[in-house]
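As structure tokens, the structure follows; a few thoughts come after it.
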Amino acid sequence: MTKADIVGKISEKLGIEKNDVQATIETFMSEVKNSLESGDNVYLRGFGSFIIKTRAEKTGRNISKNTTIKIPAHNIPAFKPAKVFVEGVKSNVAVENK
């Protein structure tokens, strides 16, 4: 599902113009991004949390030059779904066998 699909579904369900829904979604995503960039986590009860995870410093390899490089410690954004969310997916989505 894409952002356009989400905008279409919300617009259909609520009877709101697509442009208004798109502006709302864009603003929501911008606020989540701004909060994480300023070091604040975002908690949405029943849905999940957008959090900042810290990755430790590690050694990597540059295969083409056959050298080791140091990858410094850094922060990354992450999403942690709520238990209700996880249980809903577990009970409603069939497991694919590959």
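The values are calculated or read from the model by the stated rules, or taken from the named source; none is laboratory data. All values derive from a computational prediction rather than experimental measurement. So basically every Cβ, Gly included, is an ideal-geometry build from the backbone, and we count neighbours across all protein chains shown. Accessible surface areas use protein heavy atoms only, side chains included; no ligands, DNA or RNA. Shrake-Rupley method; radii C 1.70, N 1.55, O 1.52, S 1.80 Å.
Name the residues in the stretch 28-76 that are hydroxyl-bearing (Ser, Thr, Tyr) and within 26 Å of residue 89 (Cα to Cα), would you?
Here is the first cut: in the stretch 28-76, the ones hydroxyl-bearing (Ser, Thr, Tyr) are 30, 35, 38, 43, 49, 54, 59, 64, 67-68.
Answer for the stretch 28-76, where residues must be hydroxyl-bearing (Ser, Thr, Tyr) and within 26 Å of residue 89 (Cα to Cα): 43, 49.
Residue under question is residue 50, and the condition is that it be assigned to a strand (DSSP E or B), touching a residue at least 24 places away in the same chain (Cβ under 8 Å), aromatic (Phe, Trp, Tyr) and open to solvent by less than 60 Å² (accessible area, probe 1.4 Å); does it hold? Yes, satisfied. I'd like to check something: does the stretch 57-64 contain any residue that is open to solvent by 80 Å² or more (accessible area, probe 1.4 Å) and in a helix (DSSP H, G or I)? No: the stretch 57-64 contains no residue that is open to solvent by 80 Å² or more (accessible area, probe 1.4 Å) and in a helix (DSSP H, G or I). Return yes when residue 88 is open to solvent by less than 90 Å² (accessible area, probe 1.4 Å), assigned to a helix (DSSP H, G or I), modelled with pLDDT under 95 and among the small types (Gly, Ala, Ser) and no when it is not. When the stated conditions are applied, residue 88 passes them.
The set of residues in the stretch 2-25 being under 14 Å from the mean Cα position of the chain (by Cα) and open to solvent by 70 Å² or more (accessible area, probe 1.4 Å) consists of 2, 3. Here residue 77 clears all of (1) out of contact with any strand residue (DSSP E or B) (no Cβ under 6 Å at 6 or more places or on another chain); (2) without any contact (Cβ under 8 Å) to a residue 24 or more places away in the chain; (3) surrounded by 10 or more Cβ atoms within 10 Å (Cβ to Cβ) except the condition numbered (2).
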